[in-house]
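Worksheet for the structure shown next.
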Amino acid sequence: MEGNYTTPLARWARILEIFIPCYMFGKSWGIADKKTFELFRAMFPTFLIDGADYLKKLIHTDNTNIERLVATVAGAIIGFLVVALLAVVMHIVLRDRKYIDSLRFTSVTLIPIAVLNGTLSHAIKTLVESLSTQAPDALYASTVSSSRGTVAINVLFYLTAMWMMSRRTGVTRSRRWGVIAVGVGFIVLYLALGLMISPNEWQVLLPKLQQALATH
């Protein structure tokens, strides 16, 4: 149509708008190693970590670099499946576009939660590195207590992104509230399924971490 500006890379941009956030969102679920596996299962929903671990075992390698690539790709695949399912719900709420556009909308707005996953996984790695040098109380404060603030901030960014993206893509005001409801429901479900470490989990987890560190 005359007056529309397009580039040869427009199609690739649309694909990357789906691929990159999905990769960011899910890769943290696949990077657990022998030292951190139990900790990742406590920090994130267990079935996501187990699913990524199953995919990793399908391609066994002794090469460290390839192993890392397989781990992140395995997590990204699980991440894409989760986003695709969430996009089905979002598509039902939006009702004014193709599913691929709903998938792109869902993927882009999930970037704050993808950043949250990355922050939590980084905290896990830091925890393991500090396990032998810091007191358990200090580790609890940095890993469990401070994570709550991180989650709250990123959830706020997530809901803001959904509202602003809805405005930019022409979603009516009444449907925007439906989009926000889907986002709130997703966060509640993510937390209910096991996001973050509870105080009770920490008491059980700490001895396992200390044993894993001593073993590996």
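The values are calculated or read from the model by the stated rules, or taken from the named source; none is laboratory data. Computed from a predicted structure; not experimentally measured. Virtual Cβ from ideal backbone geometry, glycine too; neighbours counted across all protein chains shown.
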(message) Every residue in segment 17-43 that is surrounded by 14 or more Cβ atoms within 10 Å (Cβ to Cβ), closer than 25 Å to Gln203 by Cβ and not β-branched (Val, Ile, Thr), please.
(response) Ser28, Trp29, Ala32, Asp33, Lys35, Phe37, Glu38, Leu39, Phe40, Arg41, Ala42, Met43
(request) Can you work out which of the residues in segment 123-166 that are within 30 Å of Gln210 (Cα to Cα), of a type in the set (A, V, I, L, M, F, W, C) and exposed (fewer than 14 other Cβ atoms within 10 Å of the Cβ) is modelled with the highest pLDDT? (result) Ala152
(message) So, in segment 167-197, exactly how many residues are surrounded by 14 or more Cβ atoms within 10 Å (Cβ to Cβ) and part of a loop (DSSP other than H, G, I, E, B)?
(response) 6
(message) Restricting to segment 181-216, give me the number of residues that are within 17 Å of Ala114 (Cα to Cα), of a type in the set (Gly, Ala, Ser) and modelled with pLDDT under 90.
(response) 1
(request) Search segment 170-189 for residues that are touching a residue at least 40 places away in the same chain (Cβ under 8 Å) and within 21 Å of Ala152 (Cβ to Cβ) and pair each with any residue that is surrounded by 12 or more Cβ atoms within 10 Å (Cβ to Cβ) and of a type in the set (Ser, Thr, Tyr) when their beta-carbon atoms are under 6 Å apart and the residues are at least 6 apart or on different chains. (result) Val179/Ser166
(message) If I ask for residues that are surrounded by fewer than 21 Cβ atoms within 10 Å (Cβ to Cβ) and among the hydroxyl-bearing types (Ser, Thr, Tyr), which ones from segment 95-112 would you list?
(response) Tyr99
(request) Among the residues of segment 151-172, write down those that are out of contact with any Pro (no Cβ under 9 Å at 6 or more places or on another chain) and more than 11 Å from Leu94 (Cα to Cα). (result) Val151, Ala152, Met162, Trp163, Met164, Met165, Arg167, Arg168
(request) Among residues belonging to segment 44-58 that are surrounded by 13 or more Cβ atoms within 10 Å (Cβ to Cβ) and among the aliphatic types (A, V, I, L, M), point out the one that is farthest from Ile197 (Cα to Cα). (result) Leu55
(message) So, in segment 113-122, how many residues would count as being surrounded by fewer than 19 Cβ atoms within 10 Å (Cβ to Cβ) and without any contact (Cβ under 8 Å) to a residue 60 or more places away in the chain?
(response) 2
(message) One residue is enough: does segment 165-176 have a residue meeting the conditions of a type in the set (Lys, Arg) and touching a Ser or Thr at 6+ places or on another chain (Cβ under 7 Å)?
(response) yes
(request) Output the qualifying pairs, or none if there are none: Cβ atoms under 7 angstrom, residues six or more apart or on different chains, first residue in segment 59-84 and within 14 Å of Leu110 (Cα to Cα), second residue of a type in the set (S, T, N, Q) and surrounded by 15 or more Cβ atoms within 10 Å (Cβ to Cβ). (result) Val83/Thr106; Val83/Ser107
(message) Every residue in segment 1-46 that is at pLDDT below 85, under 21 Å from Ser145 (Cα atoms) and either touching a strand residue (DSSP E or B) at 6+ places or on another chain (Cβ under 8 Å) or part of a loop (DSSP other than H, G, I, E, B) (or both), please.
(response) Thr36
